[in-house]
Amino acid sequence: MRHKFLIIFTCIILIMGCFMNACAKKPNSPGNSDGGTSDELPEKNFEEQLTLKSFSNPATIYVDQGKGADTNDGKSRETAVKTMEKAIELASGIHSADIDAIKVAIIGQYTADTTICIKERFGENCPLVITSADEEMSVISGAEMFSGGWTEYKDGIYKKNIGADRSFRQLYINSEIGIRSRYPNVDKNPQACIMSGTFLDAEKRLESPWEMSYGFDVSAFKPGTMEVFMLEEWTQGIAQIVSISEGDYGYEMEFTPEHAEYFFKNRSGKMMKPRIWVENDLSLLDDVNEWFYDSVTGELYYKPQSNVDIQSLVFKIPVQEKIISIEGTEDSYASNIIFDRIAVTGSNWAKATELKGLSSGQGNSINDGTMPPAAIDLKRAENIRFQNCEISDMGAVGVNVSVCNGIYFKANNIHTIAADAVRFGSFGNKQNIVKNIWFEDNYIHEIGTGYMGSVGIFGGYSEDVFIYNNEITDVTYSGISLGWGWGTASTMHNFIIKYNRIYNTVNNLLFDGAEIYLLGAHTKDGEISEVSENYIDCGQGLAGLYFDEGSSYWKAEKNVIVGSGQVGFLHIHDVDYILRELYVSNTFTTTKKYSLRSWSPSGKAEISVKDRNIKITNTVTKSANAEWSEEAQKVIDAAGVRKYYKVVNHW
């Protein structure tokens, strides 16, 4: 299902078959928003903001980790180098006016035992292109893979010794993510997956209900691996349990002394009566696709479906925390680098295991002031492009972009990410921002597989942000979250969010997220920002479109918003009457309900909505059995990844 064949296109793109079969292999494939599912490649008769890059006369360096040698010159498949480090070294030494690119062509799969670091400046007219040597997409992996060697344990569970003292929080089986053993078990109904808890602050314990004994023998609990996950409002906590005892109203769970101090000091005041579940213990392993790793004995346990031969399954364990780093210096940014037809996969992040707990908020911002790391990290870089790539199976953030200018994501499949899919900008220093970042025709899905506050596209302080024709679905928190600062002055401006299809987000038990969430003051000196002509399904979010504190100088036009969320199709939240110059017009909805809340906790004198130019006009509400208007249907049909890229990339 992953790493499928991608047809190379030069001047003419070949007609391809089996598109429907390819789509059927992946749940939540992009919707057919452009009217059909023909196998034939559609013509590119639409206007693009961002085009794919191709080259006619490159110099090529081949990389073959299995058969190559770093003593080779890399100029042919037979004389391929062995490592990416050597290939990049050779590429940086090529200077010729006769070529238009320097290609590093990877043969097959490349396992990154250490981080692949790129710090060089390449020419604007002769960029570095990291790509596949073949029609099949090449893989850069930070993971270890194995199959076979399993022995039967009991009750349909098998075990295999993979060595002790390893630390990982994800396991992938035949390219699907497994489930860490847990109670309650995973269920399509979110309410069936959780229990209710109560914090006992004086005792620094968490109380769980008596029903916890339905899942496992509480009296036989042994400390060492079991964790409790806690969700409330927009916060998440993870803590290792060292004891479970009977209290007055339920079972009382005690954390490690270090984490009890950390957690009860750092947890949000919003977290008082969390929704909880427990996971990561052999006693909890009772359902198909669940797994447990005993780091003391080295035994890995897994329960396959009864009709599946476990010896034939391919297992993947993430190892490398950072797979690719593109980082220049303040004086010389790394620049002009393209990743094309490359799958980057298998990063690891085990901080919650090593610290025996974690406490975080929106966007997975950790309460110690840090953020989860990314498998692909860009810093002090410019003119960097990812096109036709797959970024998947990551233990924390997929891609992080900071202090950069000119970053482009075009026609990528980004999925199965434990934290945020792509994070960019500054979340503190207003000077170290990202400028000119583009997202177009990307399919972003299955985001937040490990951490519930995860976002599809998550941006902080930044300027000139362009998000067009993306499909974003199956995200545990907000689909798109842009802005920072809660109303303080900044240079944020010129954010354009158009033609996106966003649905099935905020699909866990957190609160205050939205399909499109916007925060912070934009400068009135720049171009007014725009969120228009998007298709949004509110689902379980607070609202489909959410303007939070200080979200000034925005216009929202011709969005189609389905559902009513928790407060309506639109939510505007303003503190101390600082939000101004906000225009929401011509919205197509299925509900008239929206929320506009202005208040001042400090008792500041009210400034009217009219005086602040906040206008909500011409909302068109469709009745339950009616068809969409022609104008609304045009927005729906144009939203999301365009059919051309669905066919080319087999989505």
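The values are calculated or read from the model by the stated rules, or taken from the named source; none is laboratory data. This is a predicted model, so every value here is computed, not measured. Heads up, the Cβs are rebuilt from the backbone with ideal geometry, glycines too, and the neighbour counts pull from every protein chain shown. These area figures cover heavy atoms from the full protein model, side chains too; ligands, DNA and RNA do not enter into them. Shrake-Rupley method; radii C 1.70, N 1.55, O 1.52, S 1.80 Å.
Sorting I326, I528 by solvent-accessible area of protein heavy atoms yields I528, I326, largest first, with a 1.4 Å probe. Per residue, the accessible area of the range 342-490 comes to 19 Å², computed with a 1.4 Å probe over protein heavy atoms only.
Between A69 and S147, the contour length at 0.36 nm per residue exceeds the Cα-Cα span by 25.3 nm. For the chain, the relative contact order comes to 11 percent (Cα pairs under 8 Å, sequence separation of at least 6).
Cα centroids of the range 637-651 and the range 80-151: how far apart, whole angstrom? Going from one Cα centre to the other spans 27 Å.
What's the Cα-based Rg to Rh of the chain, Rh via Kirkwood?
On the way: Rg = 25.2 Å, Rh = 26.0 Å.
Looking at the chain, the ratio lands at 0.97.
In deg cm²/dmol and to the nearest 500, what is the mean residue ellipticity at 222 nm of the chain if only DSSP H runs of at least 4 residues count, each as -39500 (n - 2.57), divided by the residue total? List each step's numbers first, then the result.
Details: 6 runs with 44 residues, N = 651.
Using -39500 (n - 2.57) per qualifying helix, the result is -1500 deg cm²/dmol.
Which peptide among 429-437, 84-92 comes first, and what is the full order, when sorted by highest mean count of other Cβ atoms within 10 Å?
Details: 429-437: 17.3, 84-92: 19.8.
Per-residue mean Cβ counts within 10 Å order the peptides as 84-92, 429-437.
Here the Debye sum runs over all C-alpha atoms of the range 384-512 as equal scatterers in vacuum, and log10 of I(q)/I(0) at q = 0.10, 0.14, 0.17 Å⁻¹ comes out as -0.27, -0.55, -0.83.
Given 0.36 nm per residue, what is the gain on full extension from K615 to S167 after removing their alpha carbon distance, in nm?
Values: separation 448, 0.36 × 448 = 161.28 nm, distance 5.24 nm.
Using 0.36 nm per residue and subtracting the Cα-Cα distance, I get 156.0 nm.
Peptide packing: for 361-369, 494-502, the average count of neighbouring Cβ atoms within 10 Å per residue gives the ranking 494-502, 361-369, highest mean first.
The share of accessible area on the chain that comes from carbon and sulfur is 46 percent, using a 1.4 angstrom probe. Evaluated with a Cβ-only charge set (Lys, Arg +1; Asp, Glu -1), the range 398-453 carries a dipole of roughly 280 debye about its Cα centre, given to the nearest 20.
D for the range 190-258, whole µm²/s, Stokes-Einstein with Kirkwood Rh over alpha-carbon pairs at 20 °C and 1.002 mPa s: what number? It would help to have the intermediate numbers written out before the result.
Values: Rh = 12.7 Å.
The estimated diffusion coefficient comes to 169 µm²/s.
Each part gets one Cα centre, and for the range 314-376 versus the range 467-504 those centres are 21 Å apart.
Show me the GluC sites (Glu not before Pro) within the range 292-356 that DSSP assigns to loop and that have at most 10 other Cβ atoms within 10 Å of their Cβ.
On the way: sites: E299, E321, E327, E330, E354; in loops: E321, E330.
Taking the range 292-356 and a limit of 10 other Cβ atoms within 10 Å, the loop GluC sites (Glu not before Pro) found are E330.
Just to be sure I understand the curve: with the Debye formula and one point per C-alpha of the range 146-279, what is log10 I(q)/I(0) at q = 0.13, 0.15, 0.18, 0.19 Å⁻¹? Result of the Debye calculation: -0.64, -0.83, -1.12, -1.20. Of the two radii for the range 497-651, the radius of gyration is 1.00 times the Kirkwood radius, both from the alpha carbons; that is the Rg over Rh value.
Hey, can you rank 403-414, 533-544 by average C-beta count inside 10 Å, highest first?
Values: 403-414: 23.8, 533-544: 25.9.
Per-residue mean Cβ counts within 10 Å order the peptides as 533-544, 403-414.
Nearest 5 percent is fine: what portion of the DSSP beta bridges confined to the chain is antiparallel?
About 30 percent, rounded to the nearest 5.
Structural descriptor for the range 474-631: relative contact order 19 percent, calculated from alpha carbon pairs under 8 angstrom and at least 6 residues apart. Computed with a 1.4 Å probe on the full set of protein chains, the accessible area for K273 sits at about 130 Å².
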